[in-house]
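J.: Starting off with a structure, shown below.
The values are calculated or read from the model by the stated rules, or taken from the named source; none is laboratory data. Remember, it's a predicted structure, so these values are computed and weren't measured experimentally. Positions of Cβ are generated from backbone atoms using ideal geometry, with glycine treated the same way; all protein chains shown enter the neighbour counts. Areas reflect the complete protein model, heavy atoms only, side chains present, ligands, DNA and RNA absent. Shrake-Rupley method; radii C 1.70, N 1.55, O 1.52, S 1.80 Å.
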Amino acid sequence: MDNATPTLFERIIAREIPADVVYEDDRYIAIRDIAPKAPIHLLVIPKKVTARVDEITDPAEMGELWLTAVKVARQHAQDYRLLVNCGPGGGQMVFHTHVHILAGWENGPESDTQ
């Protein structure tokens, strides 16, 4: 990856690309996914860039990422799924760490026929 080229998420954080922002603080931003895989599909994105979640080695940083994801999830749904894709073989498409929040199914995710 060319470090001089900002990621899609860095461009969203810089407001170069519009996004539906549902949460933001000094360290994280959360947006609605533009290609949702669930009735509620949000992305929690650290403003500090790492390409993959497994590059985060500081326990406090990892904990803060997950606590922020839980906080955002609870603002939007009672029940939810948190998901991280790690690397191309794990389905990661944007190489800037992010946590997916999936929620909103009436009878759980397996009941969704999309």
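J.: Tell me, in nm to one decimal, what length is gained between Val49 and Asn85 on full extension, where the rule is 0.36 nm per residue of separation less the Cα-Cα distance?
T.: Numbers: separation 36, 0.36 × 36 = 12.96 nm, distance 1.54 nm.
Length difference between fully extended and current span is 11.4 nm.
J.: Moving on. Of the peptides 101-110, 85-94, 68-77, how do they stack up when ordered by the mean number of other Cβ atoms within 10 Å, highest first?
T.: Numbers: 101-110: 14.6, 85-94: 11.9, 68-77: 17.5.
My ranking of the peptides, most packed first, is 68-77, 101-110, 85-94.
J.: If you roll a 1.4 Å probe over the chain with all protein chains in place, what percent of the accessible area is carbon or sulfur? Please report the intermediate quantities before stating the final value.
T.: Numbers: 3560 of 6870 Å².
About 52 percent, which is the carbon plus sulfur part of the accessible surface.
J.: A follow-up question, please. From the phi of every residue in the stretch 34-44, what ³J(HN,Hα) in whole Hz does the Karplus formula 6.51 cos²θ - 1.76 cosθ + 1.60 yield, where θ is phi - 60° and glycine or proline is x?
T.: 7, 10, x, 9, 7, x, 10, 9, 10, 10, 9
J.: How far, in degrees from 0 to 90, does helix 59-76 lean away from the longest principal axis of the Cα atoms of the chain, to the nearest 10?
T.: 40
J.: To the nearest 500 deg cm²/dmol, what mean residue ellipticity at 222 nm is calculated for the chain from DSSP H runs of n ≥ 4 alone, each contributing -39,500 (n - 2.57), summed and divided by the residues? Show your work: numbers first, answer last.
T.: On the way: 2 runs with 24 residues, N = 114.
Dividing the helical sum by the residues of the chain leaves -6500 deg cm²/dmol.
J.: Could you quote the convex hull projected area for the chain, Cα atoms only and averaged over all directions, in nm²?
T.: 7.6
J.: Amide H neighbours of Val22 under 5 Å, at least 5 residues apart or on other chains, H built in the peptide plane: list them.
T.: Close amide H contacts, sequence-distant or interchain: Ala30, Ile31, Arg32.
J.: If you don't mind, there's one more thing I want to ask. Taking the alpha-carbon distance from Lys37 and a cut-off under 18 Å, which aspartates and glutamates remain once sequence neighbours fewer than 8 residues away in the same chain are dropped?
T.: Asp20, Asp79, Glu106, Glu110, Asp112
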